[in-house]
Structure formats: structure tokens, C-alpha cells
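Student: Before we start, here is the structure in question, set down as C-alpha cells.
The values are calculated or read from the model by the stated rules, or taken from the named source; none is laboratory data. All of these numbers come straight from a predicted model, not from anything done at the bench. We place every Cβ from the backbone using ideal geometry, glycine too, and count neighbours over all the protein chains shown.
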Amino acid sequence: MKILRRTLVTVLSIAGILTAAPPAGAATNPYTPTEVCGAGYRIISSLPATTEDGRKWGGVYLLYKSGGYNCVVTIKWSFIGVATDTLAGLFRDSEDSGKNVIDRGNFKYYAVARAYAPLCVKYSGWVADRPEPNTTSVIAGAASGWGWCD
């Protein structure tokens, strides 16, 4: 009886491990932040886009190119290939929102905002679980404070 019980516990433990593993061939995003932003850009900061309960659905990256150019890209880690509300925001002036650059839409892989930004910036991004979020949507987001001043 002890041997049977140990065998059953082992089988159930292995079954639990197998069902917890991600499915084989899970989608990965074919794009990288540097590829999306273009030649000469390098990553200088990044934040995970996280839901309130801690799930990470994307990465929000701040990239810099010499001469004062910045690029923010939100790369989806979840809902890849599915058009869901996705945002990348580059904030260039705390008092004039007209100087901010935001790319928001129902995107399959990423959102990107590029602009000349020679002074301090902040950045943000999100990935939602559906197009055009409403009150039942879940959003994974990230936002930096002001920094990266030349």
C-alpha cells in the first residue's frame, strides 16, 4: 500500500508539472526594440508592462540615438499576433502636452513613438487584453518618472 501511495503521489506530481508548463510552440514576438526603432538607437531603460495581479504582458523600452532622438516601443509578450489596444508614449514636456508623442491603436506586435527630445523625458506603455478596452478590459502598463536629461 505504501508503494502504491508513493507511486500515485509521484504520478500526480509529474502530471502537475506537465500541465503547468507553457505549451510547446508558444508564440514569441518576432520584433525587437532596436529593430522597431531603427538604426543607431540603443536601449537606455526598460520596464515590464504588468497587470494589477502581476502578469507581465509586454516590455516598454526607451531608446536613444545620438543627437537627442528618443524612441519608445511597447513590445507585446502576450496576445502576440492579435490586434489589442497597445500604447507607446514619449513625454517631452510636462507643461505642454502638444509636445508629447503617443502611438496607440489595435496592434498585433508593438506600438512605437519616435521624436527629437533634447531635454528630459518620461515614457509609458501598455498592452490590453482586447481591442478598444472598456470596463471589463485588463491592461498591463508601465510608466517611468522624468529623467534622461542631456
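Student: Could you identify the single residue in 66, 46 that is at pLDDT 95 or above and on the phi < 0 side of the Ramachandran plot?
Tutor: Residue meeting the stated conditions: 46.
Student: Pick from 104, 114, 92: which is within 18 Å of residue 31 (Cβ to Cβ) and touching a helix residue (DSSP H, G or I) at 6+ places or on another chain (Cβ under 8 Å)?
Tutor: 114
Student: Are there strands (runs of 3 or more DSSP E) fully within the stretch 47-93 with at least 1 residues that are closer than 16 Å to residue 124 by Cα and in contact (Cβ under 8 Å) with a residue 60 or more places away in the chain? List them. Walk me through how you get there before you give the answer.
Tutor: On the way: elements: 56-65, 69-76, 84-91.
Passing ranges, in order: 56-65, 69-76.
Student: For the stretch 105-144, enumerate the residues that are among the hydrophobic types (A, V, I, L, M, F, W, C) and out of contact with any strand residue (DSSP E or B) (no Cβ under 9 Å at 6 or more places or on another chain).
Tutor: Taking the stretch 105-144 as the starting set, the residues that turn out to be among the hydrophobic types (A, V, I, L, M, F, W, C) are 107, 111-113, 115, 117, 119-121, 126-128, 138-140, 142-143.
Once the filter is applied, which keeps residues that are among the hydrophobic types (A, V, I, L, M, F, W, C) and out of contact with any strand residue (DSSP E or B) (no Cβ under 9 Å at 6 or more places or on another chain), the stretch 105-144 yields only 119.
Student: Go through the stretch 102-142 and give me each residue that's of a type in the set (D, E, K, R), crowded, with 18+ Cβ neighbours inside 10 Å and not in a strand (DSSP E or B).
Tutor: First, the residues of the stretch 102-142 that are of a type in the set (D, E, K, R): 103-104, 108, 114, 122, 129-130, 132.
Still in the running and crowded, with 18+ Cβ neighbours inside 10 Å: 103, 114, 122, 129.
Within the stretch 102-142, 129 is the sole residue that qualifies.
Student: From the set of residues in the stretch 116-145 that are small (Gly, Ala, Ser) and farther than 18 Å from residue 86 by Cβ, which is modelled with the lowest pLDDT? It would help to see each step written out before you state the result.
Tutor: Let us first name the residues in the stretch 116-145 that are small (Gly, Ala, Ser), namely 117, 124-125, 128, 137, 140-145.
Now drop any that are not farther than 18 Å from residue 86 by Cβ, which leaves 117, 145.
Values: 117: 89, 145: 94.
Ranking the qualifying residues of the stretch 116-145, first place goes to 117.
Student: Please enumerate the residues belonging to the stretch 23-65 that are closer than 19 Å to residue 128 by Cβ, out of contact with any Phe, Trp or Tyr (no Cβ under 8 Å at 6 or more places or on another chain) and either basic (Lys, Arg) or loosely packed, with under 12 Cβ neighbours inside 10 Å (or both).
Tutor: Residues satisfying the conditions are 52, 53, 54, 55.
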